[in-house]
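Chemist: Take this structure first; my questions come after.
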Amino acid sequence: MENTEIIIKLTSDEALVLSDRLERVQMTDLSRLVDDEAVRAPIHRLAGTLDKSLTGIFAADYGERLDAARRRLRPASDDLASDHEDSD
């Protein structure tokens, strides 16, 4: 199999939220959650790439930035209501 690179595009909000989650996963016992080193390696690489790319992760207002990004990424309550109605 050819070893080509895959490019993933994320918005800054998506990158910030994903970076935070990956950091939390890595700070727990990742080997307990992911028992395959072949899977852990790309998780570490992705987390490192995000950390290098995100300038605000060490900012004093990081928590506020993260909360705002999460709010923007969550579906609006109107969207959730219409999705629920469509499934009825």
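Chemist: Using mean Cβ contacts within 10 Å as the protection proxy, how do 47-60, 3-16 order, highest first?
Modeler: Per-residue Cβ counts within 10 Å, averaged per peptide and sorted highest first, yield 47-60, 3-16.
Chemist: Considering amide H positions built from the backbone, and no H for Pro or chain starts, which residues 5 or more places from LEU54, or on another chain, come under 5 Å of its amide H?
Modeler: Long-range HN contacts for LEU54: none found.
Chemist: Output wanted: per-residue J couplings in Hz (rounded whole) for the range 52-67, from phi through Karplus 6.51 cos²θ - 1.76 cosθ + 1.60, θ = phi - 60°, x for Gly and Pro.
Modeler: Values, residue by residue: 5, 7, 8, 7, x, 6, 10, 6, 4, 9, 3, x, 5, 4, 5, 4 Hz.
Chemist: Please report the relative contact order for the chain, taking Cα pairs under 8 Å with a sequence separation of at least 6, and give it as a percent rounded to a whole number.
Modeler: 40 percent
Chemist: Also: Between ASP67 and VAL34, how high is the FRET efficiency from 1/(1 + (r/R0)^6) when r is the Cβ-Cβ distance and R₀ = 41 Å? Nearest 0.05.
Modeler: 0.90
Chemist: Run the accessible area of the chain with a 1.4 Å probe and give the carbon-and-sulfur part as a rounded percent.
Modeler: 53 percent
The values are calculated or read from the model by the stated rules, or taken from the named source; none is laboratory data. Predicted, not measured: the structure shown is a model, and the values here were computed from it. As a convention, Cβ positions derive from the backbone with ideal geometry for all residues, glycine included, and neighbour counts pool all protein chains shown. Protein only, heavy atoms only, side chains kept; ligands, DNA and RNA dropped before computing areas. Shrake-Rupley method; radii C 1.70, N 1.55, O 1.52, S 1.80 Å.
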